[in-house]
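Note sheet for the following structure.
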Amino acid sequence: MRAKTEHRETARRLRAEGRTYDEIQAALGVSKSSISLWVRDLPKPPRKARAYSGTERQVAAAARRTEARNARRKAAAAEIGPLSERELFLVGAALYWAEGAKAKPDARVIFVNSDPSVIRFFEAWLDLVGVTKDRRRYSVQIHETADILGAERFWAGVVGAGPMSFNSPSVKRHNPRTNRKNVSETHRGCLRITVLGSADLYWKIDGWWSGIADAQCAADSGRV
């Protein structure tokens, strides 16, 4: 009887401290029915915040990082504003010299990229330098396990071109030893843009880039 009285007093004290039935049972080794009988006149403790598992904490931290990156990206994009024709011209020339094909002496303008925004920018640049739509040919470069027809429809929508402007796709054969990351149904491969009769334009781009680089070298010399 004395032990039971001590357990009752201890249970009431623990309950007053905010302990749960499970915690009191673990401490005293008595049934929950006895604990309920002893402490039923005491107020229920406030609900404790749920403890997060390590995985949940990682997910929450990743979400915060993503949100922070998106905010920085949005703020950086707002710094650019509208482009003038000259800015479009200079950026487009630099973009081609960084990403486009350099085939000498059989020079022609060929540009390949997997980013739709980059493709749209290059298309706008071709418009600016006077390359008409009828001089542009497109082809998809993609892995054979992807949705090739779906990719062609996707890129046709990006550049606003009909099927007659598309050449046969360049299909990469499957290598079982390769650990490919782009395996989802939304994988669209790369789009190759070829400008017909573009040797003259190619050499102009070469000169434009040289002019950009020379201007920067002159500016650097002036600051020394």
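Points worth noting:
- In the chain, the longest principal axis of the Cα atoms and the axis of helix 85-99 are about 80 degrees apart.
- Nearest 10 degrees, 0 to 90: helix 2-16 Cα axis against the chain principal axis: 40
- Within the accessible surface of the chain, defined with a 1.4 Å probe on protein heavy atoms only, the carbon and sulfur portion equals 53 percent.
- Full-stretch length increase - GLU17, ARG153 - with 0.36 nm per residue and alpha-carbon distance subtracted: 42.3 nm
- Expected 222 nm ellipticity per residue - DSSP helices of 4 or more, -39500 (n - 2.57), all of the chain, to 500: -17500 deg cm²/dmol
- Helix 148-159 axis, angle to the chain major axis (alpha carbon atoms, nearest 10°): 70
- Cα convex hull, the chain: 311 Å³ per residue, rounded to a whole number.
- Beyond 30 Å in Cα-Cα separation lie the following of the pairs LYS133/LYS204; LYS74/LYS133; LYS104/LYS172; LYS74/LYS172: LYS74/LYS133; LYS74/LYS172.
- Solvent-accessible surface (1.4 angstrom probe) belonging to ASP220, in square angstrom, nearest 10: 70
- Listed residues SER139, SER117, SER33, most fluctuating in the chain (Gaussian network, C-alpha, under 10 Å): SER33
- In order through region 115-130: 3J(HN,Hα) via Karplus (6.51 cos²θ - 1.76 cosθ + 1.60), integer Hz, x for Gly, Pro: 9, x, 5, 5, 4, 4, 4, 5, 4, 5, 5, 4, 4, 4, 8, x
- The alpha-carbon atoms of region 35-114 define a convex hull whose volume equals 174 cubic angstrom per residue.
- Between CYS190 and SER84, the distance separating the two model label sites (each 7 Å from Cα on the Cα→Cβ line) works out to 3.4 nm.
- Extending 7 Å from the Cα toward the beta-carbon at both ALA218 and ASP106 defines two label points whose distance is 3.7 nm.
- Nearest-10 value in Å² for the accessible area of SER198, using the 1.4 Å probe: 0
The values are calculated or read from the model by the stated rules, or taken from the named source; none is laboratory data. Keep in mind that this is a model prediction, so the values were computed, not measured. Cβ sites come from the backbone with ideal geometry, for glycine too, and all protein chains shown count toward neighbours. These accessible areas exclude ligands, DNA and RNA; they are computed on the full protein's heavy atoms, side chains included. Shrake-Rupley method; radii C 1.70, N 1.55, O 1.52, S 1.80 Å.
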